[in-house]
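S.K.: My structure is below; once you've seen it, I'll send some questions.
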Ligand SMILES: [Fe+2]
Ligand SMILES: [Fe+2]
């Protein structure tokens, strides 16, 4: 399904950036660049997903709880990002929190792909998903 393919493409980027981030050390240019890129990816993706994936899933009894759970995870990820923003990048605590962020993000992506997509596939019509895929991609491209 096109919508899932579009989302998976962006999940791949996030997985790579998470792995690169925990490989960095200290307050380096590399760490700053990777962190900013990951932060931006996570933010735009979560916004686009909430609008063009979770919003329609909230309308069905079968998918409402899962949609709520996933959106709560987006908020948990946001909180970790806030924590990183407020922590001195050169401190050991920064990397510890970055590892927590990686763990949360990877868990979230796996859960979406393994649990949420099959549910959505049963609930949303083909034509609805085609429309959502277009809207999702144009929001991601227009950032
Ligand atoms: Fe998500
Ligand atoms: Fe996602």
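We did not get these values from a lab; they are worked out from the coordinates using the rules stated. Small disclaimer: the values here were computed from a predicted structure and weren't measured. Every residue, glycine as well, gets a Cβ built from its backbone with ideal geometry; the counts of neighbours run over all protein chains shown.
S.K.: Could you tell me which numbered condition residue 85 fails, if it satisfies all but one of (1) over 17 Å from the mean Cα position of the chain (by Cα); (2) free of Cβ contacts under 8 Å to residues at least 12 places away in the same chain; (3) over 15 Å from residue 21 (Cβ atoms)?
M.R.: (3)
Residue by residue, here is whether (1) within 15 Å of ligand 1 (Cβ to nearest atom); (2) within 20 Å of residue 5 (Cβ to Cβ); (3) surrounded by 16 or more Cβ atoms within 10 Å (Cβ to Cβ) holds:
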{"site": "36", "(1), (2), (3)": "no, no, no"}
{"site": "39", "(1), (2), (3)": "yes, no, yes"}
{"site": "45", "(1), (2), (3)": "yes, yes, yes"}
{"site": "49", "(1), (2), (3)": "yes, yes, yes"}
{"site": "55", "(1), (2), (3)": "yes, yes, no"}
{"site": "59", "(1), (2), (3)": "no, no, no"}
{"site": "63", "(1), (2), (3)": "yes, yes, yes"}
{"site": "68", "(1), (2), (3)": "yes, no, no"}
{"site": "73", "(1), (2), (3)": "yes, no, yes"}
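S.K.: Then there is this: Can you tell me which residues in the stretch 35-54 are more than 17 Å from residue 91 (Cα to Cα) and more than 14 Å from ligand 2 (Cβ to nearest atom)?
M.R.: Answer for the stretch 35-54, where residues must be more than 17 Å from residue 91 (Cα to Cα) and more than 14 Å from ligand 2 (Cβ to nearest atom): 36, 37, 39, 40.
S.K.: Can I ask one more? Within the stretch 21-34, restricting attention to residues that are surrounded by 17 or more Cβ atoms within 10 Å (Cβ to Cβ) and part of a helix (DSSP H, G or I), which residue is nearest to ligand 1 (Cβ to nearest atom)?
M.R.: 21
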